[in-house]
Amino acid sequence: MLRKITRTTMGLVAAAVGAAAATAIAGDNLVNTGPIDPATWVRGPLYQGPATPIIWNQAKLDRMAAGTQWALGTQSTFSLSGYCATATKTAAGIDYPATWTEMQHSSTDWSQGWAMWSQACAYVPVSAPGISTPGSHVPGSRLSTLLKRDIQKALDGGAMQLVIPTVDSVEEAQDIIDLVYFPPIGHRTYGPGQYQTMYANVPGGYRQTFNDNINIVFMIETILGSQAVNNIGANGHVDGLFGATSDLGNFSGFVSGDADYEKLIRNAYDAPHAHGERACSAFGFRGRVANPAFPAPLGGFAYQFDCYQN
């Protein structure tokens, strides 16, 4: 008898709970009433970005300012004092809003990268949102791979400037965008990281304003990349395209000074300008003029790159 009463009671309780849950759902003004579908899902207000972008990343402000030349100071080894010297680098006529912490061709690991970025010298905020501030800067990195792990480690460590090597196709560019940006643009997951301490006081909140402040430069290094560069630049979430001076020679078999090389570097220069982005290259290409002897339209062309590695 006890067993029958127990089962009956359990059944009544379960029915009551189910009815209460159904009532709660019906009374909660469910926004997404149809089948669960990412393509049609209407997002709720959690972490909703501001209607007018709040820009607190100096690298992004430099990217948005026409005619501004900026460079990324390169840090290739683990050194706390060396990083501070790189992060605070200055030069006449050019801004240094972020670093190029080298992860691709160096022995630096992520624990060392995070240690360098955790220093007070690594992040100097702008004076006010949207105000370009000389001396303001954020950590940045050239990644070692395009794996989710490396992208997530860079962002969780506090990087707000990413340089992505060897981007060869529109599909690859979109995959990277998906990994970098938070929803609804991308698929970056939200978890703990050093960024929470570094950017605890940014105006508008880090999560809410991240998508408007991250600055991304794609490197064009191969024949495939050069072929696809215009379509890569058409992605609205790219800030700059970098004509890689050494690897364009490595993949093409020509060197700077050859007309065929000029064809490749010019392509990487024209594409970002066609889409309102920044054309980037090595600092040695600043003010470069192509050989007048090259066939038109390559000959004698005066380059005006916007951003550099230095």
- Query: Take the residues of region 239-264 that are within 20 Å of Ile176 (Cβ to Cβ) and of a type in the set (D, E, K, R): which is surrounded by the most Cβ atoms within 10 Å (Cβ to Cβ)?
  - Reply: Asp239
- Within region 80-100, identify whether any single residue is in contact (Cβ under 8 Å) with a residue 24 or more places away in the chain, in a loop (DSSP other than H, G, I, E, B) and open to solvent by less than 20 Å² (accessible area, probe 1.4 Å), and answer yes or no. no
- Query: Quick one: how many residues across region 162-182 are touching a Lys or Arg at 6+ places or on another chain (Cβ under 7 Å) and outside any helix (DSSP H, G or I)?
  - Reply: 4
- Inter-residue pairs, beta-carbon under 9 Å, first within 18 Å of Asp150 (Cα to Cα) and in region 107-122, second buried (at least 20 other Cβ atoms within 10 Å of the Cβ) and among the aromatic types (Phe, Trp, Tyr), 6+ apart: Ala115/Tyr83; Met116/Tyr83; Trp117/Tyr83; Trp117/Tyr123
- Task: Give the residues of region 265-290 that are open to solvent by 60 Å² or more (accessible area, probe 1.4 Å), at pLDDT 95 or above and part of a loop (DSSP other than H, G, I, E, B), sorted by residue number.
- Result: His275
- Message: For region 126-146: of the residues being among the hydroxyl-bearing types (Ser, Thr, Tyr) and within 24 Å of Leu61 (Cβ to Cβ), which is surrounded by the fewest Cβ atoms within 10 Å (Cβ to Cβ)?
- Response: Ser127
- Query: Just wondering, is there one or more residues in region 215-222 that are at negative phi, open to solvent by 30 Å² or more (accessible area, probe 1.4 Å) and in contact (Cβ under 8 Å) with a residue 24 or more places away in the chain?
  - Reply: no
- Task: Considering each residue of region 256-290, count those that are polar (S, T, N, Q) and either farther than 19 Å from Ser246 by Cβ or within 24 Å of the chain's Cα centre (by Cα) (or both), and give that number.
- Result: 2
- Note on the structure: Every listed condition ((1) in contact with a strand residue (DSSP E or B) (Cβ under 7 Å, 6 or more places away or on another chain); (2) under 21 Å from Asp109 (Cα atoms)) holds for Asp156 save (1)
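Just give me the residues in region 147-161 being in a loop (DSSP other than H, G, I, E, B) and open to solvent by 50 Å² or more (accessible area, probe 1.4 Å), in sequence order.
The answer is Leu147, and nothing else.
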- Restricting region 103-125 to residues that are assigned to a loop (DSSP other than H, G, I, E, B), out of contact with any Lys or Arg (no Cβ under 7 Å at 6 or more places or on another chain) and open to solvent by 20 Å² or more (accessible area, probe 1.4 Å), the one nearest to Tyr308 (Cα to Cα) turns out to be His105
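The values are calculated or read from the model by the stated rules, or taken from the named source; none is laboratory data. Worth saying up front: this structure is predicted, and the values here are computed from it rather than measured. Don't worry about glycine lacking a Cβ; one is built from the backbone with ideal geometry, like all the others, and counts go over all protein chains shown. Surface accessibility is based on the protein's heavy atoms, side chains included, excluding ligands, DNA and RNA. Shrake-Rupley method; radii C 1.70, N 1.55, O 1.52, S 1.80 Å.
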